[in-house]
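The values are calculated or read from the model by the stated rules, or taken from the named source; none is laboratory data. What you see is a predicted model; the values in this text were computed from it and never measured. Counting neighbours? That spans all protein chains shown, and the Cβs are built from the backbone with ideal geometry, glycine included. Side chains included, ligands, DNA and RNA excluded: accessible areas come from the protein's heavy atoms. Shrake-Rupley method; radii C 1.70, N 1.55, O 1.52, S 1.80 Å.
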Amino acid sequence: MTQKIAVLGAGKIGEALLSGMIRAGWSPSDLLATARRPERAEELRTRHGVTAVTNAEAAKTADTLILAVKPQDMAALLDELAPHVPADRLVVSAAAGIPTAFIEERLAQGAPVVRVMPNTPVLVDEGMSVISAGTHATEAHLVRTEEIFQPVGKTLRVPESQQDAATALSGSGPAYFYYLVEAMTDAGILLGLPRDKAHDLIVQAAVGASVMLRDSGEHPVKLREAVTSPAGTTISAIRELERHGVRAALIAALEAARDRSRELASGGNG
């Protein structure tokens, strides 16, 4: 039986999901999308062949609802959806920091809710989507959610109690790498390289190192040691990283990101 899927609030992440599902074999005729601006809805229809609908129409007709709005817009969206969502409708939230309980208490009793934290590399099919079951979500609901997100990268199931930690590592993770590339590019300029050449060298080193980490199965310490010759250039650099507390700074940074995720989940702002 054909399953209709609706992406509500189809911004960049929502559109990436739609295009990924189409590449994975979903028919555009089975995909619905909503957008705040009519011109954005028309853009999605023209670009992907999906059907643009209102939030209420999506709630009434789709078998799975993917809520891809900003966290601050979630309460208003749920108020709009609640009268139209039957108790057996799978609701998937891709909004950062929104607990499944927040959604469950605003929908029909027993509604299955799954929480997902994707990261921005879903835009290039290299994302990581961290999946947690709500109170009423079954194995079948988790499998369906994985089928939706796997075309744009990898998926990983965790208990919802670990979502804040996953957000700190994975959801925010790409930003840390961009920050390191930015700093290393500046270092390359200081050492006498033109910016474009320093950028190309660092980006390719990052890509190559990432592929080796993913495909070799080796521990990162072992891979690092393979580059670190006795009394060589690499160990001199590592010594300075340790002397400046880079490892401790990274741990503290991720703890801060986790704590902020907890604040957002509990309604904190600012």
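Excluding ligands, DNA and RNA, the accessible surface per residue across region 66-117 is 37 Å² with a 1.4 Å probe.
The value of relative contact order for the chain, using C-alpha pairs under 8 Å at least six residues apart, is 14 percent.
Distance from the C-alpha centroid of region 119-178 to that of region 184-233: 27 Å, rounded to the whole angstrom.
Measuring nothing but how far apart in sequence close Cα pairs (under 8 Å, 6+ apart) lie, relative to its length, region 6-132 scores a relative contact order of 22 percent.
Separation of region 103-117 from region 1-29 is 20 Å, based on Cα centroids.
How many percent of DSSP beta bridges within the chain run antiparallel, rounded to 5?
Values: 4 of 26 bridges.
Within the chain, antiparallel bridges account for around 15 percent of the total.
Only DSSP H runs of four or more residues enter the estimate; each adds -39500 (n - 2.57), and after division by the residues of the chain the mean residue ellipticity at 222 nm equals -15500 deg cm²/dmol.
Which longest run of the chain has no exposed loop site in it, a site being GluC sites (Glu not before Pro) in a DSSP loop with at most 15 other beta carbons within 10 Å, and the site itself not part of the run? That gives 1-104 as the longest site-free run. Once the Cα atoms of helix 246-265 and of the chain are each reduced to a long axis, what angle between those two axes, in degrees from 0 to 90 to the nearest 10, is obtained? Value to nearest ten degrees: 10. Normalised by residue count, region 142-203 yields a Cα convex hull volume of 88 Å³ per residue. A cut-off under 14 angstrom between Cβ atoms defines the neighbours of Ala76, and their net charge, with Lys, Arg +1 and Asp, Glu -1, is 0. Taking only the C-alpha atoms of the chain, the Rg (one decimal) and the largest Cα-Cα distance, Dmax (whole number), read 21.4, 69 Å.
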